[in-house]
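For reference, the structure is listed below as structure tokens.
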Amino acid sequence: MPDHNYLYSFNYDYHLHEICKLESRQIFSSEIKDKLLFSNIQVDPSISAFIKNRLDIISSSKDFNDLLETIKGKDLRLNGFNVEYISLNGDTTDRSERRKKIKAIGYCIYGYPEFKAPSVTYATCQYAGLWYFGILTKHENDWYKHKKKPHSFSNSIDMEIAKTLVSIASKGDKTNTLLDACCGVGTVLLEACCAGFSIAGCDISPKAAKYSRLNLAHYQYNARVYCTDIEDHPITYDAAIIDLPYNIYAVSDEETTRNIIHSSAKLASRLVIVSIIDIQSVIEEAGLKIHDSCSVVKKGKSTFTRKVWVCEKETSTLLGD
Ligand SMILES: C[S@@+](CC[C@H](N)C(=O)[O-])C[C@H]1O[C@@H](n2cnc3c(N)ncnc32)[C@H](O)[C@@H]1O
């Protein structure tokens, strides 16, 4: 029996390497290596911008022919299955050899295959001298449609980072309720809704709140957007995401930053904050402990760097406690 139940494979642009590692530490308590990760924690690959596949491992073996024997021994009987080959980092198996392996596995399963709309997709792959066989769950790309959201500001956060803030805040658990405390035009809200999370947005600016609502309506998502200072927001959540204002379209000074962080800390015990300056002292002043952090350099020629802070309250002092 393999040591882990799941094998996740990842892909990302080089500039997102650090935030991808932060995500894997927060969801799996373990860092990715060679763009893959073994874990006993099950998450939907589509909650992450970086997880491409999840293999639910059924068996593994040093020798591919032995793997075939164990598959035969499972006596898998079903119609409508498909088999795929996942090429992991460092696997140089050529195309014709991969096809042969897929075919060999297909012959170990009793039933008719279905290539276009399979009911189950099995997969095989090799890593570090072991062959794996299991059930494949693929990443759904439908969130790419948000690239064409109707309304955007120049201070809107990148989609991949927005999606990652959601997965980090929720730790991949869709039962956690989320708040985007400074939602702008709703980039984070769109990613959360698309991945099936329960989220609400808040923004002090009527224009931002209006565009957020229009963006959500465009994709028929129904997250609530409150147009208010976060200081006056009355509802508590499991986690809050804060993309702090930084003087583009919105006022930003130490007092504003302090107000937003202190107010959000009263609404959620877990905060994921994005800043362009060092805010460690403000975070600690709000009674939060910094659990993890990373820097994200903006893609392209600019030297614009964001810092992502993962913070939690030491003891619960939420509204109404
Ligand atoms: C950097 S922008 C957020 C951008 C957003 N993530 C997006 O992708 O569109 C910061 C937002 O914080 C809002 N804001 C500033 N002070 C606030 C406060 N006290 N309460 C709620 N929102 C506030 C601003 O109006 C601005 O829309």
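General remarks:
- Most mobile of 217, 162, 181 in a GNM of the chain (Cα contacts under 10 Å): 217
- When both bridge partners sit in the chain, DSSP labels roughly 60% of those beta bridges antiparallel.
- Under the span-like rule (Cα at least 15 Å along the axis, Kyte-Doolittle mean at least -0.5), DSSP H helices of the chain: 17-28, 159-170
- The residues packed around residue 89, meaning those with a beta-carbon under 10 Å from its beta-carbon, carry a net charge of 0 if Lys and Arg are +1 and Asp and Glu are -1.
- Full-extension gain in nm, residue 76 to residue 52, via 0.36 nm per residue minus C-alpha separation: 6.1 nm
- Across the chain, C-alpha contacts under 8 Å between residues 6 or more apart give a mean separation that, scaled by the residue count, equals a relative contact order of 14 percent.
- Calculated FRET efficiency, residue 144 to residue 299, Cβ-Cβ distance, R0 = 22 Å: about 0.85 to the nearest 0.05.
- Of the residues 262, 61, 30, the one whose Cα sits farthest towards the positive end of the charge dipole of the chain is 61 (charges of +1 on Lys and Arg Cβ, -1 on Asp and Glu Cβ, taken about the Cα centre).
- The sum of -39500 (n - 2.57) across all DSSP H runs of n ≥ 4, divided by the residue count of the chain, sets its helix-only mean residue ellipticity at 222 nm to -8000 deg cm²/dmol.
- Net dipole in debye of the chain [+1 Lys, Arg Cβ; -1 Asp, Glu Cβ; about Cα centre; nearest 20]: 1340
- Trypsin sites (Lys or Arg not before Pro) lying in DSSP loop within the stretch 37-73, provided at most 11 other Cβ fall within 10 Å: 62
- Pairwise label distance in nanometres, residue 92 with residue 314, each label 7 Å out on the Cα-Cβ vector: 5.4
- Look at the alpha carbon pairs under 8 Å that are at least 6 residues apart: their mean separation over the length of the stretch 6-138 gives a relative contact order of 29 percent.
- Positive contributions from Lys and Arg (+1) and negative ones from Asp and Glu (-1), summed over other residues with Cβ under 13 Å from the Cβ of residue 138, come out at -3.
- Label point 7 Å beyond Cα of residue 177 along Cβ direction - residues of the stretch 189-224 with amide nitrogen under 18 Å: 189, 192-193, 196-203, 222-224
- Of all DSSP beta bridges in the stretch 6-138, antiparallel share, percent nearest 5: 75
- Annotation note: chymotrypsin sites (Phe, Trp or Tyr not before Pro) in the stretch 46-127 located in DSSP loop regions with a Cβ neighbour count of at most 14 within 10 Å are 107, 115.
- Note on the stretch 131-185 and the stretch 15-38: Cα centroid distance 16 Å, given to the nearest whole angstrom.
- Label zone (residue 255, point 7 Å along Cα-to-C-beta; backbone nitrogen cut-off 19 Å) within the stretch 166-204: 204.
- In summary, the lysines within cross-link reach of residue 52, defined as a Cα separation below 16 angstrom excluding same-chain residues under 8 places away, comprise 21, 33, 35, 138, 163.
- 183, 20, 311, 194 arranged by Cβ crowding within 10 Å, fewest neighbours leading: 194, 20, 311, 183
- Theoretical gain in end-to-end length, residue 107 to residue 34 [0.36 nm per residue, Cα-Cα removed]: 23.2 nm
- Of the GluC sites (Glu not before Pro) found in the stretch 132-234, those in coil by DSSP whose Cβ has at most 16 other Cβ atoms within 10 Å are 140.
Values in this text are rule-based calculations from the coordinates and carry no lab data. A quick note: this is a predicted structure, and the numbers were derived from the prediction, not measured. Reconstructed Cβ throughout: ideal geometry from the backbone, glycine too, with neighbour counts over all protein chains shown.
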